[in-house]
Amino acid sequence: MGKKTTKSYGKRTDKSMKAVVRLERLRLKIHNKTVSYLNSFNLTFNQFKVLEVLYHMGDLNISSITKLTMSTPGNITVVIKNLKRDGWIATIPNQDDKRASILTLTNKGKEIIEEVFPLHAKNLHNWMDALNDEELDTLYELLNKLYKAN
């Protein structure tokens, strides 16, 4: 077997690529742990995102939910259909636009998100325990800077 060689694209570019790969691996690791946790409640990640947005933001139209959950219209339609089928959300008429509808949590939906979300928040807190408060602030500021720059 031959010696593996790594082509360099310049020191800064190489570091940038390594940083992006590390960010993606961390995102995937957190995502997989979150999905595993949500599966114990028979929730998909996308279902959880919709319930969480409705819980924290209040009743919303489908377009707003799609944007806030960073979903696609096609995917969110299926997720919403399944959440309605399971009795976790309901549709109410939109008083401002008769062609549109508003989604709201049912009592069952509120119960599940109130059961699931506190431990989810604790899990996120624990995953960031490797950082002290100053490091966590710095990480957020740096990620926010990159987000706004691109």
Legend entry - Listed residue pairs exceeding 23 Å between alpha carbons, taken from 29/110; 84/110; 49/108; 11/145; 122/145: 29/110; 122/145
Inset, instruction - Would you mind checking the tilt of helix 11-39 against the longest principal axis of the Cα atoms of the chain, expressed as 0 to 90 degrees and rounded to 10? - result: 40
Inset, instruction - Return 50, 21, 79 ranked ascending by Cβ neighbour count within 10 Å, so the fewest neighbours appear first. - result: 21, 79, 50
Inset, instruction - Pop a pseudo-label 7 angstrom from the Cα along the beta-carbon direction at both residue 12 and residue 117 and give the gap in nm to one decimal. - result: 4.3
Inset, instruction - Distance between Cα centroids, region 61-78 to region 1-59: provide it in whole Å. - result: 20
Legend entry - Degrees, to the nearest 10: 73-85 long Cα axis against longest axis of the chain: 50
Legend entry - Helix axis angle, 133-149 relative to the chain longest principal axis, alpha carbon, degrees: 80
Legend entry - 127, 88 arranged by Cβ crowding within 10 Å, fewest neighbours leading: 127, 88
Inset, instruction - Compare the Cα positions of 101, 30, 116 along the charge dipole of the chain (+1 at Cβ of Lys, Arg; -1 at Cβ of Asp, Glu; about the Cα centre) and return the one farthest towards the positive end. - result: 30
Legend entry - log₁₀ of I(q)/I(0) at q = 0.21 Å⁻¹ - the chain, Debye sum with one point per alpha carbon: -1.34
Inset, instruction - For residue 60, enumerate residues with amide H under 5 Å from its amide H, sequence gap 5+ or separate chain, H modeled in the peptide plane. - result: 103
Inset, instruction - Let me have the relative contact order for region 53-119, percent, based on Cα pairs under 8 Å that are six or more residues apart. - result: 35
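A short reminder: the numbers here are calculations on the coordinates, not readings from a lab. Note that this is a predicted model, so its numbers are computed, not measured. With ideal geometry, Cβ positions are generated from the backbone for all residues, glycine too; neighbour counts draw on all protein chains shown.
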